[in-house]
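We did not get these values from a lab; they are worked out from the coordinates using the rules stated. This structure is a prediction, so every number in the text was calculated from the model and none was measured. Neighbour counts are summed over all protein chains in view; Cβ atoms, including those assigned to glycine, are modelled from backbone coordinates with ideal geometry.
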Amino acid sequence: MTVEAPGVVAGSVARMGSLERDGWLVGRQVLPVELVRRVRQPLVEALRAEGLVGPSPVGADRVRWTGGIEDARRHRNGSGVTNWYRDELAFLPLVQDGHVRRVVEDLWGRRALLWANTAAFLKVPDVSSPERMEWIGHADGWQNDGIGAPSDHFDLWVPLTDIGSFDGSLAFHTGSHVARAERYPRTSHGVGPAQVADEGWEVAGYSVGDAVLFRPDVVHSSAVNTGLDLRIGVVFRGQVADLPLPPAAGMSWDRTQTMSTTESCVLALLATRPDVGWTRRELNRAFTPPGMIGRYLPLPPPGQLSRSDVLGQAVDMLATRGAITRADRDDQADDGGEHSYSLTETGRQAADEWLAAPTRLVAELMTVVPLRLALARAARSDLAGMVRSQMECLDQLAESAEKGLSDDDEIRQGWRRATVHGCREILTAADSATINR
Ligand SMILES: O=C(O)CCC(=O)C(=O)O
């Protein structure tokens, strides 16, 4: 039994379904097929080199699983996540020029920012993985490391191969994010036709070029792969663009999207010493807990990345954006920093804009605001202007803190008020220090 996905409109971006109501939405042929094939190729090549896949007689957008049972076991008993795909940045052609983000925005109707926690999921045919351990029906948890509600986050699941409904497709419990009750089965035996009929799962088939947008809190599970071909899907995750990217988002490789706080911090740091440049070691030091950035903004490891990975990625991304340049710096040889990084004109402007733009999120008032003040002072930027615009923003935040939000209890209301008040004190102190200088 195949139940079509809610709101499916063949050949166009589907707008009929409601992400709010159903929790998932299908876009048919929304991604350039050639681009999807291009990002599939390195992964298929790697699997082919290991003897795990070959051409499928069924179609050019399928790969036949040729591995054995031990190979299936190695791939987490048939349901494997491959981080290789993320580590090698094999997905870049779909991401770096905004393709994935634009599909999300079209389907969602909201501006979006991608996180870095992309993953590829392999689904080995059931016959090759007798001890298979299914992806248990689940709601995701990654969004809890972010700012905002689950409704502010998304998963975009992109099939890299053609997939029939029971070739390991993705099954959903429609509406389970709203009425989250125990009656939604957290199946541990995999979703097959019987479960679809008995337990109310919905599952559709997909062609290369399709994409599924879903809320991370809707219950989902991969279906049993009853075919002979390997199913490959890749998931992109992210959030709405009106919220700042939290450190847990890592660094997205979409060079068309707004910068993360980590990137902006690096730029503002470089602006404090525009003539000399900063070595990687110096940048690392600035992000440690006693460092110029780290003392205000501790950078927790986002997902599996360490602080230096996040920083390394930020530096690479800034270079890709053309915001910084790298030069050899012989005089720093004994400091272990053979290269130094400096701002380009684009980078300098972005640093100025970030320093000048007021922080609007209460949760960031006691971290990002003092950090921006410290960096603005070190860079001899317009501190007084910055204090003024942030004070105006605090007036608005104080007004909404007084009103309270619908889901606020008294502890949260008190925290909002105290945080706005505390930030005002920091700004007042910084302002009088400016006048006294
Ligand atoms: O593709 C799959 O099999 C599972 C995807 C999934 O569960 C997820 O992205 O959270």
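Couplings 3J(HN,Hα) of region 361-367, computed from phi: 9, 3, 4, 9, 5, 9, 10 Hz, in residue order, whole Hz [Karplus 6.51 cos²θ - 1.76 cosθ + 1.60, θ = phi - 60°; x for Gly and Pro].
Helix 383-403 axis versus longest C-alpha principal axis of the chain: approximately 60°, rounded to the nearest ten.
Every helix of 4 or more DSSP H residues in the chain counts as -39500 (n - 2.57), and over all residues that averages to -11000 deg cm²/dmol at 222 nm.
Near the amide H of Gly192, within less than 5 Å, lie the amide hydrogens of Val224, all on another chain or at least 5 residues away, with H placed in the peptide plane. R0 = 25 Å: FRET efficiency of Glu392 with Arg111, Cβ-based, nearest 0.05? Taking R0 as 25 Å, the efficiency between Glu392 and Arg111 is 0.55. Helix 368-378 and the long axis of the chain differ in direction by around 50°, with both axes built from C-alpha atoms. Applying the criteria of a DSSP loop state and at most 12 other Cβ atoms within 10 Å to the trypsin sites (Lys or Arg not before Pro) of region 109-167 yields no site.
Under 5 Å from the amide H of Ser165 lie the amide H atoms of Gly205, each residue being 5 or more positions distant or on a separate chain, with H modelled from the backbone and absent for Pro and chain starts. Computed from Cα positions, the angle between helix 307-321 and the longest principal axis of the chain comes to roughly 90 degrees. Backbone amide hydrogens, once placed in the peptide plane, bring Gly23 within less than 5 Å of Gly175, excluding anything fewer than 5 places away on its chain. Taking the DSSP bridge list for the chain and keeping only pairs wholly inside it, about 95 percent are antiparallel.
Listed values for region 81-96 are Karplus-derived 3J(HN,Hα) couplings in whole Hz (6.51 cos²θ - 1.76 cosθ + 1.60, θ = phi - 60°), namely 9, 10, 7, 3, 4, 6, 4, 8, 6, 5, 8, 3, x, 7, 10, 5, and x replaces Gly and Pro.
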